[in-house]
Amino acid sequence: MGLITALAESLPRGTIRLGCQALSVRLDSSTSSPSLHLQNGSSIKAKVLIGCDGTNSVVADFLDLKPSKLFSLSEVRGFTMYPSGHNFGNQFVQVKGDKCTVGRIPIHNKLVYWFVTQKVMYGRGGLEVPKDPELIRQLTLEAIKDFPSEMIDMISKSDAESLSNTRLRYRSPWDILIGNFRKGSVTVAGDAMHTMGPFLGQGGSAGIEDSIVIARCLAQKSAENYDKKSRARHIMMMKVEEALDKYVKERRMRLVLLSTQTYLSGLLQQDSGLIVKSVCIILMTALFSDMTRHTRYDCGCL
């Protein structure tokens, strides 16, 4: 919430509209300008529409992108407070078991963020676990009962309000390779463009990269000179579309590589069969022998 608050406070008053669920996107037949139609019956007209509306993006639907797919994995996330402090240092630790993986990273000397990735959890009656925090905690503790005692204690003492259980989704690498990410002056960014598993910890970083690249491309095109007396609006829209095409071109291969690495990592964690896992290991070795190369990527400056 701190990041959201910081971003919101830097915007002019009235910029953000809350409680406005987007239903669809349409293009004006005369001006080709996009408009976003909301659940309350109103609409928002724009010259440029950048869909940052997450995995179930209506803007991605407008662009005819294929729906994201489900891993047979879920991830429980939470925070644990240690009033007297912890002795974990500031290192990220990940422990893999036969059926799940537990990760831990300290936020500061008294607060720790953790996650547990496992096969999709099912509750009583075969239904997926509801969002009840105590039930999530109970089933998570059961899943990690053979893990180190400090991991069990960390989850047992976690803040119930921080607990969440999420089914993991991804957009296929081949869909990112051939997907049409621009129609008119409409495009997407963040999870709406490239939702991926959390196995590399790069989903949020990739979204920030998107924002930098798209801002740079738009700024560069808007700075180009054109004849303001001759069809100024038409030329402006053409420049916007050129900027969005440049953004998509610049981002595509970076996202293909990231999504491929996370896709293979996800297949290795779920029950994919011996042959599939063997192929995944071969591909990971061939394509991603430097396992941390993705962290040294530089998307450039604004």
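The values are calculated or read from the model by the stated rules, or taken from the named source; none is laboratory data. Keep in mind the model is a prediction, meaning the values are calculated, not measured. Because the Cβ atoms are built from the backbone with ideal geometry, glycine has one as well, and the counts that use them run over all protein chains shown. Protein only, heavy atoms only, side chains kept; ligands, DNA and RNA dropped before computing areas. Shrake-Rupley method; radii C 1.70, N 1.55, O 1.52, S 1.80 Å.
A few points about this structure:
- Residues in segment 283-294 that are surrounded by 11 or more Cβ atoms within 10 Å (Cβ to Cβ) and either among the basic types (Lys, Arg) or assigned to a helix (DSSP H, G or I) (or both): 283, 284, 287, 293, 294.
- So residue 105, is it at pLDDT 90 or above, closer than 30 Å to residue 33 by Cβ and open to solvent by 30 Å² or more (accessible area, probe 1.4 Å): no
- Taken as a whole, the condition of being within 24 Å of the chain's Cα centre (by Cα), open to solvent by 60 Å² or more (accessible area, probe 1.4 Å) and at pLDDT below 95 applies to residue 130.
- Hey, residue 66 open to solvent by 90 Å² or more (accessible area, probe 1.4 Å) and in contact with an Asp or Glu (Cβ under 8 Å, 6 or more places away or on another chain) or not: yes
- Condition met for residue 166 (part of a strand (DSSP E or B), closer than 17 Å to residue 113 by Cβ and open to solvent by less than 60 Å² (accessible area, probe 1.4 Å)): yes
- Taking segment 241-277 as the range and being open to solvent by 70 Å² or more (accessible area, probe 1.4 Å) and within 16 Å of the chain's Cα centre (by Cα) as the test, only 257 passes.
- Selection count where residues are touching a strand residue (DSSP E or B) at 6+ places or on another chain (Cβ under 8 Å) and either modelled with pLDDT of 85 or more or of a type in the set (Ser, Thr, Tyr) (or both), scope segment 28-46: 11
- Residue 47 being open to solvent by 60 Å² or more (accessible area, probe 1.4 Å), in contact with a helix residue (DSSP H, G or I) (Cβ under 8 Å, 6 or more places away or on another chain) and not in a strand (DSSP E or B): yes
- Of the numbered criteria (1) open to solvent by 70 Å² or more (accessible area, probe 1.4 Å); (2) part of a helix (DSSP H, G or I); (3) not basic (Lys, Arg), the one residue 280 fails is (1).
- Residue 224 on the phi < 0 side of the Ramachandran plot and within 22 Å of the chain's Cα centre (by Cα): no
- Out of 209, 161, one residue alone is modelled with pLDDT of 95 or more and closer than 25 Å to residue 4 by Cα. It is 209.
- Candidate set: segment 92-102, residues that are part of a loop (DSSP other than H, G, I, E, B) and in contact with a Lys or Arg (Cβ under 9 Å, 6 or more places away or on another chain); chosen: the one least open to solvent (accessible area, probe 1.4 Å): 92
- Unmet requirement for residue 16, which otherwise passes all of (1) of a type in the set (A, V, I, L, M); (2) open to solvent by less than 60 Å² (accessible area, probe 1.4 Å); (3) touching a helix residue (DSSP H, G or I) at 6+ places or on another chain (Cβ under 7 Å): (2)
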